[in-house]
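Inspection log for the structure reproduced underneath, given as structure tokens.
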Amino acid sequence: MIPRPPRYSEPTIAEASAWADTLVRRRLLHAAVLVPTGQWLVQGRPDGPVRVLPGPADVVALAATIQHHTRTGRPEIR
């Protein structure tokens, strides 16, 4: 696998929203909701705890972690 170059800009809310929507549609997360404060509420399972992510970069990082675990066959950390 070819390593990706480092990011030079912070992820936007639009990018984080797209990743959150994709993770929920593919049932890799139960819910991901942007709240007016700019934080994200994320729930891995319907009966699981709700995590608070501070911003878009954290949503994108979570998506990368889930994607990595999915591709390597390791159990997901939600």
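The set of residues in region 3-24 being without any contact (Cβ under 8 Å) to a residue 24 or more places away in the chain, more than 14 Å from PRO56 (Cα to Cα) and open to solvent by less than 60 Å² (accessible area, probe 1.4 Å) consists of VAL24 alone. For SER17, the criteria (1) part of a loop (DSSP other than H, G, I, E, B); (2) more than 14 Å from ILE66 (Cβ to Cβ) hold in every case but one, which is (1).
Among the candidates ALA64, ALA32, single out the residue that is among the aliphatic types (A, V, I, L, M) and either in a loop (DSSP other than H, G, I, E, B) or at pLDDT below 95 (or both).
Residue meeting the stated conditions: ALA64.
Applying the condition of being closer than 24 Å to GLY73 by Cβ and β-branched (Val, Ile, Thr) to region 1-29 and asking which residue is modelled with the lowest pLDDT yields ILE2. Residues in region 21-78 that are aliphatic (A, V, I, L, M) and in contact with a Gly (Cβ under 8 Å, 6 or more places away or on another chain): 1 in all. The set of residues in region 1-51 being of a type in the set (A, V, I, L, M, F, W, C) and out of contact with any Leu (no Cβ under 9 Å at 6 or more places or on another chain) consists of MET1, ILE2, ALA14, ALA18, VAL24, LEU28. Of all residues in region 48-63, those satisfying the criterion of being free of Cβ contacts under 8 Å to residues at least 24 places away in the same chain and of a type in the set (Val, Ile, Thr) are VAL50, VAL52. Considering region 35-58, and only residues there that are under 24 Å from ARG7 (Cα atoms) and part of a loop (DSSP other than H, G, I, E, B), the residue that is most open to solvent (accessible area, probe 1.4 Å) turns out to be PRO54. If only residues of region 67-76 that are in a loop (DSSP other than H, G, I, E, B) and of a type outside the set (Asp, Glu) are counted, the one that is most open to solvent (accessible area, probe 1.4 Å) is ARG74.
The values are calculated or read from the model by the stated rules, or taken from the named source; none is laboratory data. This one's a predicted model, so the numbers in the text were calculated from it and none came from an experiment. In this analysis, Cβ positions are derived from the backbone assuming ideal geometry, glycine residues included, and neighbour counts consider all displayed protein chains. Heavy atoms of the whole protein, side chains included, go into the accessibility calculation; ligands, DNA and RNA do not. Shrake-Rupley method; radii C 1.70, N 1.55, O 1.52, S 1.80 Å.
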